[in-house]
Every structure is written in C-alpha cells, then in structure tokens.
Amino acid sequence: MSIQTLAQWKAAQRVRVAYTKSTFQTTIASSSFSSFNISGNFATGVLDVGNTANGLVHTDATAGYPSLPKWSSSYKAYLDRVEVLASSGSLWTIYDRLFVCGAYAFNANTTLASQPSFSSRVPNTNYNECQLWCEQVTASTGVQTPTITYMDQDGNTGATTGAFGPNTAQQIVGQCWQMPLAAGDSGIQKVESVLGGTASAGTFNVMILRPLITFRVLNANMRQDIDAMLSSLVELPAGAALYLLKRPDTTNDGIPSFDIRLAVG
C-alpha cells in the first residue's frame, strides 16, 4: 500500500534513523562535499569504490550508510521529518546513492559493461529524478574535467556530458560536482563510459544520485526542523543508500547531526 490520504499519514508507523558525523574535514566554501568517508555513528565509508569496469549498486547494508529499518514489502516508506544540527552554516542535500563506479585515474578511458540495475530504487521508473555526479577520491593536480557518456532518462544511448569540472584550481578529497547532461536530457539510467580530463594526477568516482530533500542550516548550532510539508513525503525505497552532500558557507565544513523520521504505511 502507499500513503495517499491525511488519515493514512496519521496512522502510519514512524521509524527513526540517526545520521551523525563526528569529525571535521577540509572543504572549499560554496563547493559540494561528500561526507561518506567521515567517521560517525556507523561504519565509515571508503571513497575508492574499487570497481571501474561495471560499477556497484550500494544499499544501506554497505559500509558508510545508515542502516534502515526493514518494513514489509506490502508497505512503502516516506521521508516524513528531518531534524538537523550543524556547527556551521551550510546547504545540505540527502540523496539515495543509486550507482557508483571508480576510482578512475585522471587520464581514464574506460567503457563499462554489465552494469548492475538500480531500477527497483527509482519510484514509478521516473529516471528524470536521477542526477550524474563526480566525487574526488584523491586530490587532483589541475582541474579534473571528465567526459561521461550515458543512457538518458528515456533509454537512448550515447548521450554525452562534454568535458566539465568544478570552478576551482584543483579538486581536493571528497569534493563533488554535478555533471551537465546533454541538451534536452533530464535524467540518466546508466553510465556507459568515462574519459579523463585536463588534470595530471588524482582519481575520482562517478555516481548516479536521486535527491530526496535539500535544506539550509542558517546559523551555527541552530537546529532546523523540516516537516512533512517541506519534505513532500518523498518515497524512500527499501535498501536506500542515504548519502549526504554539503555545501558549506566557509572552509569550516560543520559537524552535522541528523534525526531522520520515516512514515511507513
């Protein structure tokens, strides 16, 4: 079943997921950064994916993601409420990390094959919601500007991003940037090939992310509450790999503490 009425939402079971990081990391103001390899209240993730040929589909059972409660296959879960406290002003987005491949060398030229499917994690097969990102694993020398060929939201192959990188002198560990899709494209189903760019050192991952919610922490140590009206009760598939990207206002990234509540019904 699914939650479609106010009465069903009120009657839904509430479950909580804690997501806390305990250490700072070096960042660049107004650039996006992954928190995946930062220690916290569950096993720390490893940035280097370890698979460049096919890629991997991570779940909440993969080290680095918070474990989700298990609900019956006849139920659905929705993002109901998020409470967050961070030690600096920042913009945060919670994603479901659907697919990741890497780490690719700065001069990579790799065509993928036999990529695993993440279709069960895309509600209503709406690939328009899926975004293409890169994640720096080891620091680059110069700006990494990869070109990625992909299958678009409608299943057309051979689309390309063109060479693109962030507007910084070089990428540091954990820095992330969203890759632009070809004109007319709104989403992605599959990564087909990865071509390195203009850097002369460094490695990076390629990711497909589905955004769940974006919000700001306005001031240091000021709690933010995002309720069901703001979260829009976005669906969270079973096994989702909750992945955080932060865009700090300064080089002080801020230590976050999240209390995520799901409505299951």
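The values are calculated or read from the model by the stated rules, or taken from the named source; none is laboratory data. These figures come from a predicted structure and were not determined experimentally. A quick note on method: Cβ atoms are made from the backbone with ideal geometry, for glycine too, and the neighbour counts reach across all protein chains shown.
Restricting the search to the stretch 158-184, which residues are among the polar types (S, T, N, Q) and touching a Phe, Trp or Tyr at 6+ places or on another chain (Cβ under 8 Å)? Step through it out loud before you land on a result.
Here is the first cut: in the stretch 158-184, the ones among the polar types (S, T, N, Q) are 160-161, 167-168, 170-171, 175, 178.
Once the filter is applied, which keeps residues that are among the polar types (S, T, N, Q) and touching a Phe, Trp or Tyr at 6+ places or on another chain (Cβ under 8 Å), the stretch 158-184 yields 160, 161, 171, 175, 178.
Of the residues that make up the stretch 80-98, is at least one within 30 Å of residue 199 (Cα to Cα) and outside any strand (DSSP E or B)? Break it down into steps so the answer makes sense when it comes.
Taking the stretch 80-98 and keeping what is within 30 Å of residue 199 (Cα to Cα), we get 90-98.
From what is left, the residues that are outside any strand (DSSP E or B) are none.
The answer is no; no qualifying residue exists.
I'm trying to understand the selection: among the residues of the stretch 112-151, which are among the charged types (D, E, K, R), under 27 Å from residue 76 (Cα atoms) and part of a strand (DSSP E or B)? Spell out the reasoning first.
Taking the stretch 112-151 as the starting set, the residues that turn out to be among the charged types (D, E, K, R) are 121, 129, 135.
From what is left, the residues that are under 27 Å from residue 76 (Cα atoms) are 121, 129.
Once the filter is applied, which keeps residues that are among the charged types (D, E, K, R), under 27 Å from residue 76 (Cα atoms) and part of a strand (DSSP E or B), the stretch 112-151 yields nothing.
Look at the stretch 178-191 and say how many of its residues are surrounded by fewer than 18 Cβ atoms within 10 Å (Cβ to Cβ) and in a strand (DSSP E or B).
Of the residues in the stretch 178-191, 1 are surrounded by fewer than 18 Cβ atoms within 10 Å (Cβ to Cβ) and in a strand (DSSP E or B).
Residue 98 fails exactly one of the following numbered conditions: (1) in contact with a helix residue (DSSP H, G or I) (Cβ under 6 Å, 6 or more places away or on another chain); (2) modelled with pLDDT under 90. What is the number of that condition?
If we test residue 98 against (1) in contact with a helix residue (DSSP H, G or I) (Cβ under 6 Å, 6 or more places away or on another chain); (2) modelled with pLDDT under 90, just (2) comes out false.
Can you find a residue in the stretch 159-177 that is surrounded by 16 or more Cβ atoms within 10 Å (Cβ to Cβ), hydrophobic (A, V, I, L, M, F, W, C) and touching a Cys at 6+ places or on another chain (Cβ under 8 Å)?
yes
Just to be sure before I move on: is residue 105 under 19 Å from the mean Cα position of the chain (by Cα) and either at negative phi or among the hydrophobic types (A, V, I, L, M, F, W, C) (or both) in the structure I sent?
Numbers: under 19 Å from the mean Cα position of the chain (by Cα): no; either at negative phi or among the hydrophobic types (A, V, I, L, M, F, W, C) (or both): yes.
Taking the combined requirement at face value, the residue does not satisfy it.
Condition (residue is surrounded by 15 or more Cβ atoms within 10 Å (Cβ to Cβ), aromatic (Phe, Trp, Tyr) and more than 30 Å from residue 218 (Cα to Cα)) applied to the stretch 55-72: is it met by at least one residue? It would help to see each step written out before you state the result.
Of the residues in the stretch 55-72, the ones surrounded by 15 or more Cβ atoms within 10 Å (Cβ to Cβ) are 55-60, 62, 64-66, 68, 71.
Now drop any that are not aromatic (Phe, Trp, Tyr), which leaves 65, 71.
Within this subset, residues satisfying the condition of being more than 30 Å from residue 218 (Cα to Cα) are 71.
Yes, there is a match, as at least one residue in the stretch 55-72 is surrounded by 15 or more Cβ atoms within 10 Å (Cβ to Cβ), aromatic (Phe, Trp, Tyr) and more than 30 Å from residue 218 (Cα to Cα).
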